[in-house]
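Student: Below is one structure. I have some questions about it.
The values are calculated or read from the model by the stated rules, or taken from the named source; none is laboratory data. Nothing here was measured: the structure is a model prediction, and the numbers come from that model. Methodologically, a virtual Cβ is constructed for each residue, glycine included, from the backbone with ideal geometry; neighbour enumeration extends over all protein chains shown.
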């Protein structure tokens, strides 16, 4: 048996399917056979829920044949056959059928699970315009609630007031609506979502006309975003009557505004579209977005639902794989166009933030320590852009390179090359003597020539640099621009009170390391800051990340201490954006990082970020992240200077996205690590 860790259900994922069978017009016996075939396929693939199109058992476009007793009797018989077949199928089947009830005919969705009819949901909004005239045949289910219906020899809840709630899968609550119901201003599923439904189903017919597919996708995707839900959509396909209409068999699985999967349209073959929906993510979003719950409090009818309990019985005895793309770089899109758009936005947020701060304070100069590394490079580019926008000379940016014991010639040379290429005021102040004096003043062994390179030794250098920058700002009437990035702040990889933690204004504070690399690369493209900057920016990007504080032949490697930034940014995103437990983060990281160099990559991603990490390595660095983030470094984040929120993953500002006590312990998160094999 597979360890539960490897099963998607353990981490709040459920596999869903949207089925588009080939049908035969007005032939329920044929149609139910095709339905059973696809349901069995879905079951084989591990789907816990399978959605079929509107009126799939009868076919949709049969007009007045819907009023023929022979056809309706054949539909009833088809449901009996489907219920019997479902006894050996694990997936919850939701199928469309015309059903009679109290002398009226309803366009219904029938939910069937392992021999039991769970609910029957009638269509609420019946289109009667253009090519549609459903009111000719059907009654609306708008005012039907609290009723039961006889189906396949069983009595089942009937009405538009039902929700299906899994007793063995926390948060899985299913609501069903039919076609036109989602095209109205307030779809029934909106109120259902407010009542707790997380998976919304739409059985549709929806004929094909030019441009309609794009609109349907937009509609379903946007609706899933507004409802903080998953939305499954199944349209009629091959075999429907083409007397006056055509059908494309569109199938969509959306989650919170993203299209997880969709079927090829106009296929001659039956289609089964599968995806793994993250129920845990939806619950996390609703927990954080308080206005979602507030809307439920004021919306009429949001609580008038019957909850029909069922047991999903999702098995964790095998690894079902994972039908969901998990990008290695959640802060950085793989698509080149989207990445360029993100870089444009992020860079302008940074520069406009600084521009406004300079304007508001009436300060016209900026001081920045330029090390030749990634963070100070990005901050310098932002500062230059702000000066340009304010109509101030670039000489008003005062760049200082501040070498000490372990500063390499290559990084110092890059700092000088960059400052000269940008046309800022550049100066070098060697802080070695000042550092030696402080080490002597505090009687540190290094002052006597001993090779004691401890935290004190390192921080003496960082402190000397920061002291100089603030005094230089006083001297020139300038702002000190901070350089520390989001990744460093998350890992506590900064020294309290010095330049990577303290400044007058930090433009990088909510930009992760993985994104900063792409922002610099974006600036280098098309020589946005002049042809002379391109080469030096490329050299800076190629330089290994190091604090350069300890002398010696062996260069300090930051990632050997805090872990690969690409992996730690992944951990940061899912820990802060959704609040996932370490075990779930590890599961996602394992799915994303266990294979080498497969899939799409953001433009410019280096080979070092295309490596594979096994679960043991992922667990180790996640443990480092948990300890550094949740225990011991919050006091640094609680004293952060101002800076604009940039990243979609949030910021760690105590005035913004992340407010936490400085004296918390990490035991609960460390305990979750024990769930990782």
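Student: Among the residues of the stretch 331-374, count how many are touching a strand residue (DSSP E or B) at 6+ places or on another chain (Cβ under 9 Å), part of a helix (DSSP H, G or I) and surrounded by 18 or more Cβ atoms within 10 Å (Cβ to Cβ). Break it down stepwise before answering.
Tutor: In the first step, residues of the stretch 331-374 are kept if they are touching a strand residue (DSSP E or B) at 6+ places or on another chain (Cβ under 9 Å); the result is 353-354, 357-358, 361, 363-372.
Adding the requirement that they be part of a helix (DSSP H, G or I) leaves 353-354, 357-358, 361.
Filter once more, keeping what is surrounded by 18 or more Cβ atoms within 10 Å (Cβ to Cβ): 353-354, 357-358.
Qualifying residue count, the stretch 331-374: 4.
Student: Sticking with this one: It is to be established whether one or more residues within the stretch 541-552 are closer than 21 Å to residue 383 by Cα and touching a residue at least 12 places away in the same chain (Cβ under 8 Å). So that I can check it myself, show each step before the final result.
Tutor: Going through the stretch 541-552, the residues closer than 21 Å to residue 383 by Cα turn out to be 541.
From what is left, the residues that are touching a residue at least 12 places away in the same chain (Cβ under 8 Å) are 541.
There is at least one residue in the stretch 541-552 that is closer than 21 Å to residue 383 by Cα and touching a residue at least 12 places away in the same chain (Cβ under 8 Å).
Student: Let me confirm something: among 110, 120, which residue is in contact with a helix residue (DSSP H, G or I) (Cβ under 9 Å, 6 or more places away or on another chain), buried (at least 22 other Cβ atoms within 10 Å of the Cβ) and closer than 14 Å to residue 156 by Cα?
Tutor: Details: 120 fails: in contact with a helix residue (DSSP H, G or I) (Cβ under 9 Å, 6 or more places away or on another chain).
Just one listed residue meets the conditions, 110.
Per-residue answers, yes or no, for (1) touching a residue at least 60 places away in the same chain (Cβ under 8 Å); (2) out of contact with any strand residue (DSSP E or B) (no Cβ under 6 Å at 6 or more places or on another chain); (3) closer than 28 Å to residue 294 by Cβ:
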residue	(1), (2), (3)
219	no, yes, yes
239	yes, yes, no
243	yes, yes, no
249	yes, no, no
253	yes, no, no
270	yes, yes, no
273	yes, no, no
284	yes, yes, yes
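Student: Kindly establish whether residue 631 is surrounded by fewer than 18 Cβ atoms within 10 Å (Cβ to Cβ), at pLDDT below 95 and within 30 Å of residue 289 (Cα to Cα).
Tutor: It is true that residue 631 is surrounded by fewer than 18 Cβ atoms within 10 Å (Cβ to Cβ), at pLDDT below 95 and within 30 Å of residue 289 (Cα to Cα).
Student: Then there's this: Residue by residue through the stretch 424-435, note down the ones that are surrounded by 17 or more Cβ atoms within 10 Å (Cβ to Cβ) and either more than 47 Å from the chain's Cα centre (by Cα) or under 17 Å from residue 458 (Cβ atoms) (or both). Please lay out each step first, then the result.
Tutor: Applying the first criterion (surrounded by 17 or more Cβ atoms within 10 Å (Cβ to Cβ)) to the stretch 424-435 yields 424, 426, 431, 434-435.
Listed by number, the residues that qualify are 431, 434, 435.
Student: Looking at the stretch 233-249, can you tell me whether even one residue there is crowded, with 24+ Cβ neighbours inside 10 Å, closer than 19 Å to residue 12 by Cβ and in the same structural domain as residue 126 (by TED's automatic domain parsing)?
Tutor: Our first condition is that a residue be crowded, with 24+ Cβ neighbours inside 10 Å; within the stretch 233-249, this holds for 233-237, 240, 247, 249.
Add one more test, that the residue is closer than 19 Å to residue 12 by Cβ, and what stays is none.
No; the residues of the stretch 233-249 include none that is crowded, with 24+ Cβ neighbours inside 10 Å, closer than 19 Å to residue 12 by Cβ and in the same structural domain as residue 126 (by TED's automatic domain parsing).
Student: Moving on. Report whether or not residue 623 is surrounded by 13 or more Cβ atoms within 10 Å (Cβ to Cβ) and either free of Cβ contacts under 8 Å to residues at least 40 places away in the same chain or assigned to a helix (DSSP H, G or I) (or both).
Tutor: Numbers: surrounded by 13 or more Cβ atoms within 10 Å (Cβ to Cβ): yes; either free of Cβ contacts under 8 Å to residues at least 40 places away in the same chain or assigned to a helix (DSSP H, G or I) (or both): yes.
Yes: the conditions hold for residue 623.
Student: Now for a different question. I need the full set of residues from the stretch 291-313 which are under 25 Å from the mean Cα position of the chain (by Cα) and either modelled with pLDDT of 90 or more or not assigned by TED's automatic domain parsing to the domain that holds residue 14 (or both), in order please.
Tutor: 291, 292, 294, 295
Student: Please determine whether any residue of the stretch 450-463 is over 29 Å from residue 651 (Cα atoms), out of contact with any helix residue (DSSP H, G or I) (no Cβ under 9 Å at 6 or more places or on another chain), in the same structural domain as residue 369 (by TED's automatic domain parsing) and not in a helix (DSSP H, G or I).
Tutor: Yes, the stretch 450-463 contains at least one residue that is over 29 Å from residue 651 (Cα atoms), out of contact with any helix residue (DSSP H, G or I) (no Cβ under 9 Å at 6 or more places or on another chain), in the same structural domain as residue 369 (by TED's automatic domain parsing) and not in a helix (DSSP H, G or I).
Student: Something else: Can you tell me which residues in the stretch 98-140 are at negative phi, in a loop (DSSP other than H, G, I, E, B) and within 36 Å of the chain's Cα centre (by Cα)?
Tutor: Of the stretch 98-140, the ones at negative phi are 98-101, 104-113, 116-129, 131-140.
Filter again for in a loop (DSSP other than H, G, I, E, B), leaving 123-129, 131-133, 137-140.
Correct list: 123, 124, 125, 126, 127.
Student: Within the stretch 230-245, does at least one residue satisfy the condition of being within 20 Å of residue 585 (Cα to Cα) and in a loop (DSSP other than H, G, I, E, B)? Break it down stepwise before answering.
Tutor: Restricting attention to the stretch 230-245, the residues satisfying the condition of being within 20 Å of residue 585 (Cα to Cα) are none.
No, the stretch 230-245 has no match at all.
Student: Now for a separate question. Of (1) touching a residue at least 12 places away in the same chain (Cβ under 8 Å); (2) surrounded by 14 or more Cβ atoms within 10 Å (Cβ to Cβ); (3) not in a strand (DSSP E or B), residue 395 satisfies all except one. Which?
Tutor: In the conditions (1) touching a residue at least 12 places away in the same chain (Cβ under 8 Å); (2) surrounded by 14 or more Cβ atoms within 10 Å (Cβ to Cβ); (3) not in a strand (DSSP E or B), residue 395 misses (2) alone.
Student: Just to be sure, is residue 211 more than 25 Å from residue 57 (Cβ to Cβ), assigned by TED's automatic domain parsing to the domain that holds residue 107 and modelled with pLDDT under 95? Give the derivation first.
Tutor: Details: more than 25 Å from residue 57 (Cβ to Cβ): yes; assigned by TED's automatic domain parsing to the domain that holds residue 107: yes; modelled with pLDDT under 95: yes.
Yes; evaluated as a whole, the condition is true for this residue.
Student: Sticking with this one: Which one of these is buried (at least 18 other Cβ atoms within 10 Å of the Cβ) and more than 20 Å from residue 94 (Cβ to Cβ): 172, 194, 200? Give the steps one after another, and end with the answer.
Tutor: Working: 172 fails: more than 20 Å from residue 94 (Cβ to Cβ); 200 fails: more than 20 Å from residue 94 (Cβ to Cβ).
After ruling out the rest, the residue left standing is 194.
Student: OK, next. Check whether at least one residue in the stretch 295-314 is at positive phi and out of contact with any helix residue (DSSP H, G or I) (no Cβ under 9 Å at 6 or more places or on another chain), and report yes or no.
Tutor: As a first pass, look at the stretch 295-314 and keep what is at positive phi: 301, 313.
Next cut, out of contact with any helix residue (DSSP H, G or I) (no Cβ under 9 Å at 6 or more places or on another chain) only: 313.
Within the stretch 295-314, one or more residues are at positive phi and out of contact with any helix residue (DSSP H, G or I) (no Cβ under 9 Å at 6 or more places or on another chain).
Student: Any residue at all in the stretch 146-159 that's assigned to a loop (DSSP other than H, G, I, E, B), closer than 18 Å to residue 202 by Cα, modelled with pLDDT of 95 or more and in contact with a strand residue (DSSP E or B) (Cβ under 9 Å, 6 or more places away or on another chain)? Spell out how you get there, then give the answer.
Tutor: Going through the stretch 146-159, the residues assigned to a loop (DSSP other than H, G, I, E, B) turn out to be 146, 152-153, 159.
Going one step further and asking which of them are closer than 18 Å to residue 202 by Cα, we end up with 159.
Right, trim to modelled with pLDDT of 95 or more and you get 159.
Right, trim to in contact with a strand residue (DSSP E or B) (Cβ under 9 Å, 6 or more places away or on another chain) and you get 159.
Within the stretch 146-159, one or more residues are assigned to a loop (DSSP other than H, G, I, E, B), closer than 18 Å to residue 202 by Cα, modelled with pLDDT of 95 or more and in contact with a strand residue (DSSP E or B) (Cβ under 9 Å, 6 or more places away or on another chain).
Student: Given the conditions (1) part of a loop (DSSP other than H, G, I, E, B); (2) touching a residue at least 12 places away in the same chain (Cβ under 8 Å); (3) out of contact with any helix residue (DSSP H, G or I) (no Cβ under 8 Å at 6 or more places or on another chain), and given that residue 659 satisfies all but one, which numbered condition is not satisfied?
Tutor: With respect to (1) part of a loop (DSSP other than H, G, I, E, B); (2) touching a residue at least 12 places away in the same chain (Cβ under 8 Å); (3) out of contact with any helix residue (DSSP H, G or I) (no Cβ under 8 Å at 6 or more places or on another chain), residue 659 is out only on (2).
Student: Take the stretch 511-535 and flag every residue that is over 12 Å from residue 375 (Cβ atoms), in contact with a helix residue (DSSP H, G or I) (Cβ under 7 Å, 6 or more places away or on another chain) and either at pLDDT 95 or above or assigned to a helix (DSSP H, G or I) (or both).
Tutor: The initial filter retains those residues of the stretch 511-535 that are over 12 Å from residue 375 (Cβ atoms), namely 514, 518, 521-535.
Filter once more, keeping what is in contact with a helix residue (DSSP H, G or I) (Cβ under 7 Å, 6 or more places away or on another chain): 514, 518, 521-524, 527, 529-530, 532-534.
Those that are over 12 Å from residue 375 (Cβ atoms), in contact with a helix residue (DSSP H, G or I) (Cβ under 7 Å, 6 or more places away or on another chain) and either at pLDDT 95 or above or assigned to a helix (DSSP H, G or I) (or both): 514, 518, 521, 522, 523, 524, 527, 532, 533, 534.
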